[in-house]
Amino acid sequence: MDQVESLARRGTENNGTESDGVVKRVIEGLKDLGGQSGVEGGASRLITAHTALSTHLHHQTRLLQSLSYPLFSPLVQPPDEDTIDELLPLLTSLNESMPRPTTAAFTSLSQLHGLTADLIQTLNYLSDTLHMSRQTTTTATRRLRSARELVAEMKREEEEREEAELWLQRGNWSERLAARECAGVCREVVGGFEEVCNDWRARLLAQADPVGA
């Protein structure tokens, strides 16, 4: 729970750094993504366009290399001055007509890459935090179950204690113990037993006197 509270504070803090409001920015970014099919379709089109552009540049590079090989080969004689004068305007116009990529696409891709890396890092952090939160929740649930069982056992013992007190009160055991009722009953039993024994002794003595006479 402490880690969840730390994550919540980190998502709402505002310290003037790049990590300010990261949870809110991630949620807004996820809302702006649209449907999953649209995201997958856009990613597929981007991958296809990037593959086609890379293939085209590779073929054009090989074509330019094959065309420039005769010019730079050591086995070919250098062109004369008239040919050089004819080639210079052509090379200049070719240089001016060659398409050059703009830096806007590269900048956008760099920003997208940075945002994607930040999003992946944040999602990994959220995944780790959720995993630790699940472990903490599982531990808390287990301890809560143990505490509930302990409370139930204490409640059962309290009910048994109250029932025992009621039984003692109904039987008036406090007064009976104070009056030593058990001792009196035991004395009566022992006294009765002694009387029986004395009667038997007297009978035996009475029977023994005639025999001795």
Exercise for the section: State which residue is modelled with the lowest pLDDT when the search covers only segment 92-135 and only residues that are under 17 Å from L46 (Cβ atoms) and among the small types (G, A, S). Expected result: A105
Fill in the blank from the handout: Result of the Cβ filter at 6 Å on segment 49-70, keeping first residues that are at pLDDT below 90 and partners that are of a type in the set (G, A, S), at least 6 apart or interchain, is none
Completion exercise
Over segment 90-114, the set of residues closer than 14 Å to H50 by Cβ and hydrophobic (A, V, I, L, M, F, W, C) is A105, F106, L109, L112
Fill in the blank from the handout: Screening D32, D82, D2 for residues that are loosely packed, with under 10 Cβ neighbours inside 10 Å and modelled with pLDDT of 80 or more leaves only D82
Problem - Hey, L88 surrounded by 10 or more Cβ atoms within 10 Å (Cβ to Cβ), under 30 Å from V39 (Cα atoms) and not polar (S, T, N, Q) or not - result: no
Handout entry: Per-region count, segment 37-81, residues of a type in the set (A, V, I, L, M, F, W, C) and in a loop (DSSP other than H, G, I, E, B)
Key = 2
Handout entry: Qualifying positions in segment 100-148 - hydroxyl-bearing (S, T, Y), part of a helix (DSSP H, G or I) and within 29 Å of L57 (Cβ to Cβ)
Key = T103, T107, S108, S110, T116
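The values are calculated or read from the model by the stated rules, or taken from the named source; none is laboratory data. Keep in mind that what you see is a predicted model, and the values were worked out from it rather than measured. Backbone-built Cβ (ideal geometry, glycine too); neighbour counts: all protein chains shown.
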